[in-house]
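The values are calculated or read from the model by the stated rules, or taken from the named source; none is laboratory data. Owing to the predicted nature of the structure, the values given are computational and were not obtained by experimental measurement. Methodologically, a virtual Cβ is constructed for each residue, glycine included, from the backbone with ideal geometry; neighbour enumeration extends over all protein chains shown.
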Amino acid sequence: MSASLPVAGPSRVWRAAGGEIRADRRVFGAVLLLNVLAAGAGLVAPWLLGRIVDTVKTSSGSSALSTVDFLAVVILGCTVVQIVLSRYALYLAARFGESASARIRERFLGRVLAMPASTVEHVPGGDLIARGTTDVNAVSGTLRGIVPDVLIASVQALFILGAVLVLDPLLGLCGLGCVAVVAVVLRWYLRRARTAYLAESAAFGALAEVLSTTVGGARTVEALGLQARRTEALEASIDVARRTRLRTLWLRTVLFPTVDISYTLPLVGVLLIGGALYSHGTVSLGTVIAAALYFRQLVGPVDTILMWVEQLQSSSASYARVEGVACAPRAGAFTSAEPADDRIEVVDVRYAYEHGSDVLHGVDLEVRPGERLALVGPSGAGKSTLGRLLAGIDRPRSGAVTVGGVPVAGLAPERLRRQVVLVTQEHHVFQDTVRGNLLIARPDATDPQLRDALAAVDADWVDELPAGLDTELGGAAHRLTGARAQQLALARVVLADPHTVILDEATALLDPTTARNTEHALAAVLQGRTVIAIAHRLQTAHDADRVVVMDAGRISESGTHDDLVRNGGAYAALWRSWHGD
């Protein structure tokens, strides 16, 4: 059953953003200071231009010309200063954004790794992928580019409005009226935008989940003739994503035209009101021109803010989804107790997936140290579920799964990895060298130890690679077949050197000959260790010390291969069917 990851509330998002500012407060403070200085330098030109107009209107001769020349040079100097300060402020803001972006990515990865494996596996893969890629990229892009632009534009707008109010309060009221109209429209937009953008992000996460599961199971879809059903599911997800996108588009079609009109009105107002005041001798012509130029300047910052406000809403929704990972269940407190021995005991265990009925019903099992145990049974019998409980990935709903008297799921990850390792038919090849992929399991391993581990699983193909252990894997580099990738995963198990290894159809992707050789190699390498093999190939059960047969979430039979065949029960029927008898 899939469970949804939570979404952080606005307060948590604001705290997270504040934390990023505090983490790099010196750079952020420098950005603010430089923006203030740049905005102040930008206010000089319109005011001096008004002085020039008044000087030309009231004076003449060489003194007036000298004054105009001096004021023009000052305007040029202030303009150059504003450009230099703004560019350096933008550089520092981008540096702040890059640092914050790196911290967000690292924190997201750390939080995902800190979540219980069962939580990670039960949430929709598409949602987690979308949060770690699309949402993190949106937040990073905002911190790198949009936040600096909006910050600079906001400082400029505040300084311009303040300058007009100082220049003439009545003319300044025109600017405040513009801000009031914009504020009303923005309030209407913001009240609806968060919900709309969260719905859009969730819809595209669900679409990514449908796409990834369909592509991942393409062969199954083709084999079972499920193309029409998967197409319907995909079209339904696309329809939902389209409707959520149209909702946010509608909000923008209301916001932008309204604001476009509202921030052009002050320029018209200052010319009308300023013209009337000038005709009555209340203000000078230079004051009216300076005010008009200020309001003309105001259009740029306001336009920048409004151009990015939609992206800020989208990014805040993405930030809420990224921070929501911190609200997901985390691994609980681990026990400090050390197992008394390596004996594994399962006592009256019952387990149910989320919102489902029990799939294990009162299972009792004891696995002796060094025993090679085979779990067999039909599909859906509960073998893999029991394997997950034995590996400490999930906790039983009731009953206990212990090793040496200590709950397996209560062991700290480092201690658990030394005790039990679960190997499934699912595997991952990291975008790294062969050596890097192997050192994940044992960072201090030497090259001879790496080669011994590869030899143990018959992975002699490594010597045929272009650079041997240094060959790059994954991405656009060398790609491994499914069988070779599985052998690489098995080599990690050899390097990890746990006491108990649970093989859940671990050789399913290997051809029968390679699988047989790999299983024999593992048996030799794991001599004296506990091996629990969950397999459909009954040859694995034939070689086991003991066979446990599961059916409908219960253990129906237990014993050696020969004893179970002689008893003529469920295992004997499976054996005869497998042999074609």
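The residues of the stretch 78-103 that are among the aliphatic types (A, V, I, L, M), modelled with pLDDT of 85 or more and surrounded by fewer than 19 Cβ atoms within 10 Å (Cβ to Cβ), listed by number, are V80, V81, I83, V84.
One line per residue, one yes/no per condition, for (1) at pLDDT below 80; (2) of a type outside the set (V, I, T); (3) assigned by TED's automatic domain parsing to the domain that holds D358; (4) outside any loop (DSSP other than H, G, I, E, B):
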position	(1), (2), (3), (4)
A3	yes, yes, no, no
G19	no, yes, no, yes
R26	no, yes, no, yes
V31	no, no, no, yes
N35	yes, yes, no, yes
A41	no, yes, no, yes
D54	yes, yes, no, yes
K57	yes, yes, no, yes
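If only one of A23, A39, A16 is small (G, A, S) and touching an Asp or Glu at 6+ places or on another chain (Cβ under 9 Å), which one is it? Going through A23, A39, A16 in turn, just one is small (G, A, S) and touching an Asp or Glu at 6+ places or on another chain (Cβ under 9 Å): A16. Among the residues of the stretch 261-287, the ones that are among the aliphatic types (A, V, I, L, M) and under 53 Å from the mean Cα position of the chain (by Cα) come to 6 in all.
Scanning the stretch 255-272 for residues that are loosely packed, with under 14 Cβ neighbours inside 10 Å and modelled with pLDDT of 75 or more gives P257, V268, L272.
Name the single residue, out of those in the stretch 4-16 being in contact (Cβ under 8 Å) with a residue 24 or more places away in the chain and surrounded by fewer than 17 Cβ atoms within 10 Å (Cβ to Cβ), that is farthest from V74 (Cα to Cα).
Filtering the stretch 4-16 down to residues in contact (Cβ under 8 Å) with a residue 24 or more places away in the chain leaves 4-10, 12-13, 16.
Still in the running and surrounded by fewer than 17 Cβ atoms within 10 Å (Cβ to Cβ): 4, 6, 9-10, 12.
Details: S4: 61, P6: 56, G9: 50, P10: 46, R12: 47 Å.
So, considering only residues that are in contact (Cβ under 8 Å) with a residue 24 or more places away in the chain and surrounded by fewer than 17 Cβ atoms within 10 Å (Cβ to Cβ), the one farthest from V74 (Cα to Cα) is S4.
For the stretch 223-269, the set of residues classified as touching a helix residue (DSSP H, G or I) at 6+ places or on another chain (Cβ under 8 Å), within 30 Å of C174 (Cα to Cα) and part of a helix (DSSP H, G or I) consists of L251, R252, V254, L255, F256, T258, V259, S262, L265, P266, L267, G269, listed by residue number. Scan the stretch 382-400 and give yes if some residue there is crowded, with 21+ Cβ neighbours inside 10 Å, among the aliphatic types (A, V, I, L, M) and in contact with an Asp or Glu (Cβ under 8 Å, 6 or more places away or on another chain), otherwise no. No: zero hits. Taking the criterion of being of a type in the set (D, E) and more than 27 Å from R131 (Cβ to Cβ), the only residue of the stretch 157-211 that qualifies is D168. Of all residues in the stretch 359-407, those satisfying the criterion of being of a type in the set (D, E) and touching a residue at least 24 places away in the same chain (Cβ under 8 Å) are D364, E371, D394. Taken together, the residues in the stretch 223-266 that are touching a residue at least 12 places away in the same chain (Cβ under 8 Å) and of a type in the set (A, V, I, L, M, F, W, C) amount to 11.
Only a single criterion out of (1) surrounded by fewer than 22 Cβ atoms within 10 Å (Cβ to Cβ); (2) under 26 Å from G216 (Cα atoms) is not satisfied by D364, namely (2). A search for C-beta distances below 9 Å between a residue of the stretch 277-294 that is closer than 13 Å to V53 by Cα and any residue that is polar (S, T, N, Q) and surrounded by fewer than 21 Cβ atoms within 10 Å (Cβ to Cβ), counting only pairs 6+ apart in sequence or on different chains, returns S284/T58; G286/T55.
With in the same structural domain as R296 (by TED's automatic domain parsing), within 28 Å of A8 (Cα to Cα) and not in a loop (DSSP other than H, G, I, E, B) as the only criterion, which of L170, L186, L176 stands out?
Numbers: L170 fails: within 28 Å of A8 (Cα to Cα); L176 fails: within 28 Å of A8 (Cα to Cα).
Testing whether each residue is in the same structural domain as R296 (by TED's automatic domain parsing), within 28 Å of A8 (Cα to Cα) and not in a loop (DSSP other than H, G, I, E, B) leaves just L186.
Across the stretch 412-428, not a single residue is classified as in the same structural domain as E472 (by TED's automatic domain parsing), over 20 Å from G528 (Cα atoms), assigned to a helix (DSSP H, G or I) and of a type in the set (A, V, I, L, M). Of the candidates E505, E472, E519, the single residue that is surrounded by 16 or more Cβ atoms within 10 Å (Cβ to Cβ), modelled with pLDDT of 70 or more and of a type in the set (D, E) is E472.
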